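Heads up, the thing below is written out as structure tokens.
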Amino acid sequence: MPNIRRGMSGQREKRRKTRLDALLGQVAAGDTAAFEELYDETIASVYGLAVRVLRDPAQAEEIAQEVMVEVWRKAGRYDPARGGAMGWIMTLAQRRAVDRVRAEQSAAERDDLAARREPPAAPDGVAELVLDRLDRRRVRDCLDHLTAPQLQSITLAYYDGYTYREVAERTDTPLSTVKARMRDGMIRLRDCLGVA
Amino acid sequence: MADDIHTLAGPYALGALTDDAEREAFEDHLAQCAFCAEEIDGLLATSAVLGRAVALPPPPDLRARVLGEIADTPQEQAAHPVRRARRLPRPATLLAAACLVVALAAGAVAVRTQQRLSQETARAQAIAAVLSAPDARTVTGRMSSGGTLTVTSSAARKSAVIAPSGLPALPSTKTYELWTMSGSGVRPAGTVQPGSAPVVTSLPAGHDRIGVTVEPAGGSPRPTTTPLAVLTL
């Protein structure tokens, strides 16, 4: 059962990935219609991630605008071997959101926010814009396959903006262990999601 | 040192490196390690799914503001020519193809039998067909054991020319073996020795990577060791 589900979803994913890559190529050539389409395909993820990292819709909106303008400016520098179009755009989004959170919030404030944050992965009830219910469940199922320390390291880094050194300090764990947890966890997640 | 920096793959994919300097050092490493670049490709696609999993409806007026801003924003030129955009055969490639044909033919005339000669000529023609294809693309990667692998591929010709250089010598019980790889399978693409001429291989649909491993002499039907390099075409 899970394999059938994954197979079907994988095919749809592949088509989406090909389409986004093609759109980004057109954007690099200055095609504004292609940019509008790319915007519609990616903005919910970019904005949602910014909200998650910053926990402030007004700031998240500013970041989302900066990210989309950066996509326009730098489309010519896009390297498809870095996670595809979506990988590149989400890298820009996560980096900008985290840079903002690091600049504006002290570590103590972030600790406080992190302590109050909701559980990782997609909460139910969020508008199903990009991932349908099946895909959200798949992400959640795959997150469940991680060990608790792997999940903690990944969410502290990606959603809360801590560096691996900060994660090591906060969790009182050797640096090498934290690095290994992040890499092993991401490999396990990649294999479970079947994205590569 | 290289092993040490490679453990940063997880933090890199999660945007959790210490600073820009550490990130740039890791990206320099990626440029030299095809295997690492391949891994990062998959891990970045994975972290993107973590981002998509928290998608929210954006404020409705954001779209108009972004479109208004890009209308006045010039685009940056590509820092380096985008490999994918290279559509026309470059003169250097054509020259290389021509040289290869001449060199192979000349070598063949000197020593080979007539039958061998026609085989060599056919191979040289196959190589030239790939190198001069309108969609020919070339990628180069360093092998972790030393030596480099240069692959020119053409989707139109469904073929690739694989040219190893500077391969370290192996004991006589071992050989280098080339592979074409897809998301679902691996296919042998021939064995090579230090100093071997380029190899032509067909590229079945979906095969978009070339790998090289060390195998027992004579080659293996499936890779049995860790790849020394994996190049994405």
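The values are calculated or read from the model by the stated rules, or taken from the named source; none is laboratory data. In this text, all values refer to a predicted model and were calculated from it rather than measured experimentally. We place every Cβ from the backbone using ideal geometry, glycine too, and count neighbours over all the protein chains shown. Side chains are part of the model used for accessible areas, which takes the heavy atoms of the whole protein and leaves out ligands, DNA and RNA. Shrake-Rupley method; radii C 1.70, N 1.55, O 1.52, S 1.80 Å.
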Within segment A:155-174, tally of residues that are in a helix (DSSP H, G or I) and more than 9 Å from chain B (Cβ to nearest Cβ) | 4
Selection within segment B:164-189 - in a strand (DSSP E or B), open to solvent by less than 30 Å² (accessible area, probe 1.4 Å) and more than 12 Å from B:LEU228 (Cβ to Cβ) = B:THR175, B:THR180, B:ALA189
Among (1) in contact with a Pro (Cβ under 8 Å, 6 or more places away or on another chain); (2) open to solvent by 20 Å² or more (accessible area, probe 1.4 Å); (3) over 18 Å from B:ARG142 (Cβ atoms), which single condition is B:PRO194 missing?
-> (3)
Evaluate the following for B:THR46: is it without any contact (Cβ under 8 Å) to a residue 12 or more places away in the chain, under 18 Å from A:ARG181 (Cα atoms), within 8 Å of chain A (Cβ to nearest Cβ) and of a type in the set (Ser, Thr, Tyr)?
-> no
Has segment A:80-99 got any residue that is under 13 Å from the mean Cα position of the chain (by Cα), free of Cβ contacts under 8 Å to residues at least 24 places away in the same chain and open to solvent by 10 Å² or more (accessible area, probe 1.4 Å)?
-> yes
Across (1) more than 16 Å from B:VAL54 (Cβ to Cβ); (2) at pLDDT 95 or above, A:TYR47 clears everything bar (1)
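Restricting to segment B:15-39, and then to whatever is at the interface with chain A (Cβ under 7 Å from one of its Cβ atoms) and surrounded by 16 or more Cβ atoms within 10 Å (Cβ to Cβ), can you tell me which residue is modelled with the lowest pLDDT?
Restricting to residues being at the interface with chain A (Cβ under 7 Å from one of its Cβ atoms) and surrounded by 16 or more Cβ atoms within 10 Å (Cβ to Cβ), the top hit is B:ALA37.
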When you go through A:GLU62, A:GLU36 one by one, which is the residue that is over 13 Å from A:ILE89 (Cα atoms), modelled with pLDDT of 95 or more and more than 9 Å from chain B (Cβ to nearest Cβ)?
-> A:GLU62
Among residues of segment A:21-73, those that are outside any helix (DSSP H, G or I) and at negative phi, counted | 3
Options B:PRO60, B:PRO74, B:PRO11; residue that is facing chain A (nearest Cβ under 8 Å), under 27 Å from A:ILE43 (Cα atoms) and open to solvent by 50 Å² or more (accessible area, probe 1.4 Å) | B:PRO74
Can A:ASP144 be described as surrounded by fewer than 15 Cβ atoms within 10 Å (Cβ to Cβ) and either within 7 Å of chain B (Cβ to nearest Cβ) or within 21 Å of A:MET86 (Cα to Cα) (or both)?
-> no
Could you run through segment A:144-195 and say how many residues are closer than 23 Å to A:GLY48 by Cβ and of a type in the set (Gly, Ala, Ser)?
-> 5
Odd one out for B:ALA136, checked against (1) over 16 Å from the mean Cα position of the chain (by Cα); (2) at pLDDT below 85; (3) more than 20 Å from B:GLU38 (Cα to Cα) | (1)
May I ask you to list the residues in segment A:147-183 that are closer than 17 Å to A:GLN105 by Cβ, surrounded by fewer than 21 Cβ atoms within 10 Å (Cβ to Cβ) and not acidic (Asp, Glu)?
-> A:ARG170
